[in-house]
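This report concerns only the one structure given below.
The values are calculated or read from the model by the stated rules, or taken from the named source; none is laboratory data. Since we're looking at a predicted model, the values are computed, not measured. Glycine also receives a Cβ, built like all others from the backbone with ideal geometry; neighbour counts cover every protein chain displayed. The accessibility values were calculated without ligands, DNA or RNA, using every heavy atom of the protein model including side chains. Shrake-Rupley method; radii C 1.70, N 1.55, O 1.52, S 1.80 Å.
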Amino acid sequence: MKRSGDSERKKKRKRQKLLQELGGQRIPFLSPSDPGFQELWESSYTGLALRPADSLPAALHDRVRAALHALQRRGCLFRDLVRIRGRDVFTAVSRSLLGGPGDTYRYLGTRLFALPWHNDGQEDGEACCDRELREACRALWELNEYFCEDVERREAAGQPEEADEDPPGGQGSSKTDASEATPAPAPRFNITLLNYMDPAAMNDLKEEPYYGMGKMAVSWHHDENLVPLSPVAVYNYSCPDEKGGGSGDGEVDGASWRVGLKVAWDIHTPGLALPLQSGDCYYMRDDLNRTHQHCVLAGGTARFSSTHRVAECSTGTLDYIQRRCQEALENLRTDPDTGTKTLHSLQPSTLQLSEEIHNEVEFEWLRQYWFQGRRCARFCSWWSKPMEQLEESWAQMESMTQLALAAAEDEGSAEDRRREVAETLLTALTDRQEQRQTWRDRCQSSLAQTLPPEEAPVNRPYWGEDDPPRPLPFDLTDIISRVESLLWRL
Ligand SMILES: O=C(O)CCC(=O)C(=O)O
Ligand SMILES: [Fe+2]
């Protein structure tokens, strides 16, 4: 937590310095009708590639569009209450995560839990959601497969396919690929984060501050939590203009949606604004996401996007956290006859491991999940059972902490050992107490209060004096003081 605070402060200083240097002036940016647009794309935005709508199969467009509407109609998309620079804010876009069963994706202090793709033809009885949703998820899985194969094709060819790579309006220039170094095997997209926004329903969209590009639906950012150098593929669907007057594919004159790009920490290279027709896709490849930032500029109509990513999921799958819990619980022994619990080992490294896992399952899984309210369980039951099981494991870990505490306070034991145990506990409990406070504050924030009951954050696990007792209290203030005073005495 402290570390990210430091880097936030550094970034803030860097930002202020650039703004000072800019002195209130706007940095230029280029659109396709500007002279030099294509040269700028080729020289400073090589990792960006457009795949125009007409190069995708028409049937795929139809299925994906129907799927996006179905997910929206069924209320599966939500504005996330994320955390930016220590403050809670709602995202302007509504989102939903799809991916493999048990996958999660973490961004802006928020872990999203994937609605499973359903590429396995489950029958009604055993399924976690109904047929309509299964079909919708499956359509996005097909789009994901399409993108995986497309990226593989491009990498195998070593060189981009001409027609797909030219900036719109380009006269067939022969652009060479930036990635001429050793080709690594193309990682497969494992999740998609869906976005939806209807600008007519939003009255407080922020103006793009540096270039004057217009209203932003998503502000400048790097995509987080991706495998380094992995590509991102985005499907853009601008809904037909219901009021009429557009060209029927989401285009109102001068009001198409655009993706904005800029070189990170650079006020000299002009920005790039790429308009997207309905059905157009774009790729961010190589190190574009690291060296550049992107934003989404709102157009005139409602719009969906499906953003396919290679999420770094080494600590982000249900399998992973279940394995971690097992690892922690290996140190707990329950007598089969009496039910009495004991710890196998009081080694500091063993205790430290289980206390760290305790914090990980509580703050990265249980509290993240419940903070998002009961919103997902309404239409998909996939996560309900695993979350119950994780909570059971967590409850066992509460017993383990209590046993370790008892060992530290056991006057019959060697003082060295007691001190070691107390020190290990103090670190873990201080962290736990701080994080519990943060989550409690987030659940009670004024923004959280504006949500309808079924979406409102739940501060869970929580237990007060009137609830069934647990081995340790929710509020650890007294326990921490006990451990501290123990350490003074030992
Ligand atoms: O909608 C888009 O085109 C991109 C959205 C985006 O940048 C994101 O979700 O991270
Ligand atoms: Fe992004």
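Of a type in the set (Val, Ile, Thr) and modelled with pLDDT under 95 - does that describe any residue in the range 90-101? Looking through the range 90-101, none of the residues is of a type in the set (Val, Ile, Thr) and modelled with pLDDT under 95.
Every condition in (1) in contact with a Leu (Cβ under 8 Å, 6 or more places away or on another chain); (2) surrounded by fewer than 17 Cβ atoms within 10 Å (Cβ to Cβ); (3) within 22 Å of Arg333 (Cα to Cα) holds for Leu390 except the one numbered (2).
Of the residues that make up the range 23-42, is at least one in a strand (DSSP E or B), in contact with a Leu (Cβ under 7 Å, 6 or more places away or on another chain) and either of a type in the set (Ser, Thr, Tyr) or open to solvent by 60 Å² or more (accessible area, probe 1.4 Å) (or both)?
no
Which residue out of Arg303, Arg323, Arg290 is modelled with pLDDT of 95 or more, of a type in the set (D, E, K, R), within 13 Å of ligand 2 (Cβ to nearest atom) and open to solvent by 10 Å² or more (accessible area, probe 1.4 Å)?
When all the criteria are applied, what remains is Arg290.
Restricting Pro452, Pro473, Pro468 to residues that are over 22 Å from Arg111 (Cβ atoms) and at pLDDT below 95 narrows the list to Pro468.
So in the range 194-238, with the set limited to residues that are of a type in the set (Asp, Glu) and under 19 Å from Ala264 (Cβ atoms), which one is most open to solvent (accessible area, probe 1.4 Å)?
Glu224
Scanning the range 210-222 for residues that are assigned to a strand (DSSP E or B), in contact with a strand residue (DSSP E or B) (Cβ under 9 Å, 6 or more places away or on another chain) and either free of Cβ contacts under 8 Å to residues at least 12 places away in the same chain or away from ligand 2 (no atom under 16 Å from the Cβ) (or both) turns up at least one hit. In summary, Asp241 fulfils each of the numbered conditions (1) crowded, with 23+ Cβ neighbours inside 10 Å; (2) among the charged types (D, E, K, R); (3) modelled with pLDDT under 95 with the single exception of condition (1).
Quick one: is Arg83 under 18 Å from Gln368 (Cα atoms) and either basic (Lys, Arg) or modelled with pLDDT under 95 (or both)? The answer is yes for Arg83.
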